[in-house]
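**Q** Before I ask anything, let me first share the structure, which is written out below as structure tokens.
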Amino acid sequence: METKIAASILASLAQPTRLDVFRALVVAGNSGLAAGVLADKLGVSATVLSFHLKELRFAQLVDSEQQGRFIIYRARFDTMTAVLSFLTENCCAADPRSTKNADGDACCPPVAMKSLRKRSDPPPQSPSKEKK
């Protein structure tokens, strides 16, 4: 993914309501949600929801499908995964042994950490206690 495209997608999520819409659709999974259900769930008007869904569709983060008299919206997991992969593709590349952030949490997803282990040196041995 090109940096310009990733930046555009991330910019579309840089609005609280839009981020809430996208996250609700991620939770809904492949079943998606009808626009009315989504509006009720988030406590926004149909007009506001329509505006944000349009922006998310333009960013290719959301798809829609007509089902009878309802429009079902779904998160585009392929786009979400592509952005996450773009963000983490060089995770810990400068220091392959450093797979934890300052809080001790893993900074790299397991897949990235696994590929780092394959290409990095074995982890350093803990210093042994010297006998005096």
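The values are calculated or read from the model by the stated rules, or taken from the named source; none is laboratory data. What you are looking at is a predicted structure, and each value in this text was computed from that prediction instead of being measured. FYI the Cβ positions are ideal-geometry reconstructions off the backbone, even for glycines, and counts take in every protein chain you see.
**Q** Say we look at the range 41-83 and pick out the residues that are of a type in the set (D, E, K, R) and loosely packed, with under 13 Cβ neighbours inside 10 Å; which of these is farthest from L10 (Cα to Cα)?
**A** Keep residues of the range 41-83 that are of a type in the set (D, E, K, R), which gives 41, 54-55, 57, 63, 65, 69, 74, 76, 78.
If we keep only those that are loosely packed, with under 13 Cβ neighbours inside 10 Å as well, we get 54, 65, 69, 78.
Numbers: K54: 15, E65: 24, R69: 32, D78: 14 Å.
Here the residue is R69.
**Q** Another question, if that's okay. If we keep just the residues of the range 12-40 that are within 15 Å of the chain's Cα centre (by Cα) and of a type in the set (D, E, K, R), which is surrounded by the fewest Cβ atoms within 10 Å (Cβ to Cβ)?
**A** Ranking the qualifying residues of the range 12-40, first place goes to R23.
**Q** Here are some residues: E65, E55. Which one is farther than 16 Å from A28 by Cα and assigned by TED's automatic domain parsing to the domain that holds A24?
**A** E55
**Q** Same structure again: Can you pull out the residues in the range 2-11 that are within 12 Å of the chain's Cα centre (by Cα) and of a type in the set (G, A, S)? If you could, list the steps in order and put the result at the bottom.
**A** Keep residues of the range 2-11 that are within 12 Å of the chain's Cα centre (by Cα), which gives 6, 9-10.
Correct list: A6 only.
**Q** Between residues in the range 28-41 that are over 15 Å from R69 (Cβ atoms) and residues that are surrounded by fewer than 15 Cβ atoms within 10 Å (Cβ to Cβ) and of a type in the set (G, A, S), which pairs lie under 7 Å by C-beta distance while being six or more apart or on different chains?
**A** Within 7 Å, the pairs are A39/S45; A39/A46.
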